[in-house]
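The values are calculated or read from the model by the stated rules, or taken from the named source; none is laboratory data. Remember, predicted model here, so these are calculated numbers, not experimental data. Don't worry about glycine lacking a Cβ; one is built from the backbone with ideal geometry, like all the others, and counts go over all protein chains shown.
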């Protein structure tokens, strides 16, 4: 059994962690720490201790893993504190405020013989897993171009921000999802082109980015905007023999916002109208156009991986160097708006 505790009792803990962790019979959530545990909107869960004393988390010998689910302003502080108390650590995204902080935390964990990892749950999005299956089927032929879109129509968010801070930018807050997907599957790019904008003007919030990552003949584009009244397809993949289009995103977040939980039938599962379309020529030159049944996503697979690392000594799925590459790209892109 892997016994864990949380720092933070907000949306991240209650929406993107606990619903998946509580399905695992190999993991026990013992304690949740928050500065104000009595006045949060999330309902307390029976069997979990809620506390405003950080010592109840850090000094408990039963707890092997501490999960940091605060704003990124406090990721370094709590991750280092947990390591100092001999705890393994899982940290929400963005992992740290800077590349330098990330380096220091990984080095300190290594020195202490402990595990620290970023919570890259988007590796287990249904649409991303489906794209991988299509690529690996070989039906597209040699891969030429991948377009990834993460769009919203929420103009009120950038309109309410009148000062630019790199850690409160759209690139930092959302690029950490899609950039990790690219790095996890394709590795470190040879080169990268940045187009990071402030659509409302200089000094305002970064609300748009378009990054092109190059791998020999392959270009992977990561594009996002806060001001897209209609979203672009989640994925468009081009190969020499065909293409694949996945219009809709993974549905787990949509269901979680409706309080439809992972233990309910059909959670996160695509309906036929959400399936992507694969178009290609086969080896005999015959034309095909077909729907591809979506893979099923599960953010809890991050915890399955960590269980194997901490309890059985397996290798981490989210490698330190992958998180460092991501932090380097985020930091470089954010500086373009300063």
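Would you pick out the residues in the stretch 227-240 that are touching a strand residue (DSSP E or B) at 6+ places or on another chain (Cβ under 7 Å) and outside any strand (DSSP E or B)? 228, 229, 231, 232, 233, 234, 240 - these are the residues of the stretch 227-240 that are touching a strand residue (DSSP E or B) at 6+ places or on another chain (Cβ under 7 Å) and outside any strand (DSSP E or B). Considering only residues that are within 22 Å of the chain's Cα centre (by Cα) and buried (at least 20 other Cβ atoms within 10 Å of the Cβ), which ones fall in the stretch 127-148? Within the stretch 127-148, 127, 128, 130, 131, 134, 146, 148 qualify.
Can we say residue 34 is outside the structural domain of residue 166 (by TED's automatic domain parsing), under 27 Å from residue 301 (Cβ atoms) and surrounded by fewer than 21 Cβ atoms within 10 Å (Cβ to Cβ)? Break it down stepwise before answering.
Details: outside the structural domain of residue 166 (by TED's automatic domain parsing): yes; under 27 Å from residue 301 (Cβ atoms): yes; surrounded by fewer than 21 Cβ atoms within 10 Å (Cβ to Cβ): no.
No: the conditions fail for residue 34.
Take the conditions (1) in contact with a strand residue (DSSP E or B) (Cβ under 6 Å, 6 or more places away or on another chain); (2) at positive phi; residue 147 misses just one of them, which is (2). Just the residues that are touching a strand residue (DSSP E or B) at 6+ places or on another chain (Cβ under 6 Å) and over 20 Å from residue 94 (Cα atoms), please, taken from the stretch 196-207. Hit for the stretch 196-207 is 199, nothing else. Looking at (1) closer than 18 Å to residue 75 by Cα; (2) surrounded by 16 or more Cβ atoms within 10 Å (Cβ to Cβ); (3) over 19 Å from the mean Cα position of the chain (by Cα), can you tell me which one residue 166 breaks? Evaluating residue 166 over (1) closer than 18 Å to residue 75 by Cα; (2) surrounded by 16 or more Cβ atoms within 10 Å (Cβ to Cβ); (3) over 19 Å from the mean Cα position of the chain (by Cα) leaves (3) as the failure.
Among the residues of the stretch 271-301, those that are surrounded by fewer than 11 Cβ atoms within 10 Å (Cβ to Cβ) and either free of Cβ contacts under 8 Å to residues at least 12 places away in the same chain or under 25 Å from the mean Cα position of the chain (by Cα) (or both) comprise 271, 273, 283, 284, 285, 286, 287. Checked against the criterion of being surrounded by fewer than 19 Cβ atoms within 10 Å (Cβ to Cβ) and more than 30 Å from residue 22 (Cβ to Cβ), the stretch 246-259 has at least one qualifying residue.
Looking at the stretch 102-216, the strands (runs of 3 or more DSSP E) lying wholly inside it that each contain 3 or more residues that are in contact (Cβ under 8 Å) with a residue 24 or more places away in the chain and farther than 20 Å from residue 337 by Cα sit at 116-118, 143-151.
Pairs linking a residue in the stretch 302-324 that is in the same structural domain as residue 63 (by TED's automatic domain parsing) to a residue that is at pLDDT 95 or above, with Cβ atoms under 8 Å and 6 or more positions apart or on different chains, do not occur.
Counting just the residues of the stretch 1-17 that are more than 21 Å from residue 83 (Cβ to Cβ) and touching a strand residue (DSSP E or B) at 6+ places or on another chain (Cβ under 7 Å), which one comes out surrounded by the fewest Cβ atoms within 10 Å (Cβ to Cβ)?
Within the stretch 1-17, the subset more than 21 Å from residue 83 (Cβ to Cβ) is 1, 9-11, 14-16.
From what is left, the residues that are touching a strand residue (DSSP E or B) at 6+ places or on another chain (Cβ under 7 Å) are 1, 9.
Numbers: 1: 12, 9: 25.
Checking each candidate, the answer is 1.
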